[in-house]
Amino acid sequence: MIAHLVAAFALTVQDGAALTLANGMRAAIALAKPKERRTAALALARQKDATIDNVLATIDIVSRREPSTVGTSILRAPIFAADSVEDVELVVYVPKTYAPDVPAPLIATFHGTGGSGRGMDRMWRETAEKMGAVVVAPSEAGPNEGYLFSLREREAAIGAVRFACANFSIDTNRVYVTGISRGGHLAWDVALRQPDRFAALAPMIGCPRYQLVRGQNNLRFLENVVNVPIRDLQGSRDDPGVLQNLHEAFAKLEVLHARDAKLIEFTDRGHDFDFNAVDWPVFFSATRTPVPERVVFTSANLAEARSHFVEITQFAQDVAENPRIDVQAASWSKLDALGQRRVVQAQIDADTARIEVVRSESGRFEVTARGVAKFRLLLSREMFDASSPVEVSFNGKVTKRKVALDVKVLLAEFVERLDRSFLPVAVVEIP
């Protein structure tokens, strides 16, 4: 069906309106700020020729890439992060087998404290050639004094992935995130908060974060990566806090029946690891499921409240990113360090929103949630029957909505996420 539409639309691409739509999509994709991209996408949706079918065909056309220089290139790009646009250096490695008409896997790798993307590509070149994968290694444009656990850093990391998808032919179902030390912490944090972006996670001498004094905690989001394959390489003689966080994380992942999560420790090493302990081409054969039948997602920040086709749009009042910890002094003083840690973690978990959505059949969704006041479901054509109402059961309350195809949803989604494997054409907002 899509191939037929592409062929038919390509015949009319010389028409002024059709050419305007294609060029307008390219221009919107190239904008640095998300708000600007959304505004441009909504303006395109008002064009007379911006029908669902024409936009789907145009997506195929604008997704075609020009041939790229094989090997390592050092590029600069405007990357949006924390309400500003940063001039970021990105090291990109393109394998010899790269073909602009064949989507390639992507390895996004993040460097350590004080380092840069330069040289990060070298450790992945052999793997990239075996896989036919593109490698992108951004340099930190901020202080570069260790991982600061900030939204700015995470947005810059996602921006680097988006840059690669916008400029190279990338299979969005095979995007892998990795990093060393500071970059390992960042890889964990990005994957924990936006798990639907990645097919696998491979941090090295990095860990999830638990810092009571600074209110930094992403152990609360471990359920998000249950279906994301993980390999963490770690020296056993490294910082005890790092080891404690890792041991706790992997113990919890085991309880959660994680799909394929392994901590690989090296007893004779400190802040170090053996890169060859993993067969990377085999591990990186994992693929993401773009529209799973079941989505489970936890969040405490509306800027990072989306997973697959589910997005939380309003939290309940008890959800907090940095909650106040209330414990009676007498009870607290009786606990050892591990006991205090467990009490704090339990309170933080209670202040975290959780939503579970199950697609039982076409157009029917069973939703259970805590800490969620409002959410929306993004629907591709395959997920519902436009002639029948969509049925959503939210914590036992059933809502039926007649849903119309909306080209604004399609354009805004693709221009931002560049994901050809999930193209929503409608949205259901609950309540």
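The values are calculated or read from the model by the stated rules, or taken from the named source; none is laboratory data. Computed from a prediction, not measured in an experiment: that's the story for all the values here. Please note: Cβ atoms are built from the backbone with ideal geometry, for glycine as well, and neighbour counts cover all protein chains shown. For the accessible areas, the whole protein counts, side chains as well, though only heavy atoms, and no ligand, DNA or RNA atoms are used. Shrake-Rupley method; radii C 1.70, N 1.55, O 1.52, S 1.80 Å.
Summary of the geometry: region 367-399 and region 234-279, compared by the centres of their Cα atoms, lie 38 Å apart.
At a 10 angstrom cut-off on C-beta neighbours, averaged per residue, how do the peptides 91-98, 175-182, 334-341 rank from highest to lowest?
By packing density, highest mean first, the sequence is 175-182, 91-98, 334-341.
Label positions at residue 23 and residue 129, each projected 7 Å from the Cα along the C-beta direction, are separated by 4.2 nm. Number of Lys-Lys pairs in the chain with C-alpha atoms under 16 Å apart and a separation of 8 or more places or on different chains: 6.
Put simply, when 131-143, 381-393, 259-271 are sorted by average Cβ atoms within 10 angstrom per residue, most first, you get 131-143, 381-393, 259-271.
For region 73-221, the convex hull drawn through the C-alpha positions has a volume of 103 cubic angstrom per residue. Ligands, DNA and RNA are left out, and with a 1.4 angstrom probe the accessible area of region 9-157 is 46 Å² per residue. Here the peptides 276-284, 194-202 are ranked by packing, the mean other Cβ count within 10 Å, and the order with the highest first is 194-202, 276-284. Taking the protein heavy atoms of the chain in the context of the full set of protein chains, the accessible area attributed to carbon and sulfur is 51 percent at 1.4 Å.
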